[in-house]
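Take a look at the structure set out below.
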Amino acid sequence: MEYDNINISNVEDIIAQPVKEKLETLMKLEHDQYLEENPGIKNGYYKRNLKTKYGEITELSVPRNRDNKFYSAVIDENKSIGLDGYG
């Protein structure tokens, strides 16, 4: 098999984008569920970089609400630790 378009320098980019999309989807679903149980108002997103074993994910969109009481279980808000203790 030949892999002309893949080299070691862009493997992290190829993996990081789908991981980023899945994390953002999970956090959005988690945020929607939180708001169903705790009525409040969405307040957009903030950007965050996250280091994982798959490489660094940049500009990850993390949902927030007006009362700032939502914290995602997907990522740790207080530390720069990513998935599986990488960070």
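What residue, among those in the stretch 42-87 that are of a type in the set (F, W, Y), surrounded by 12 or more Cβ atoms within 10 Å (Cβ to Cβ) and modelled with pLDDT of 80 or more, is nearest to E21 (Cα to Cα)?
Y45
List pairs: first in the stretch 53-73 and under 20 Å from I14 (Cβ atoms), second of a type in the set (V, I, T), Cβ under 6 Å, 6+ apart or cross-chain?
Y54/I15; Y54/V19
The values are calculated or read from the model by the stated rules, or taken from the named source; none is laboratory data. Note that this is a predicted model, so its numbers are computed, not measured. Ideal geometry is used to build each Cβ from the backbone, glycine not excepted, and the neighbour counts take in all protein chains shown.
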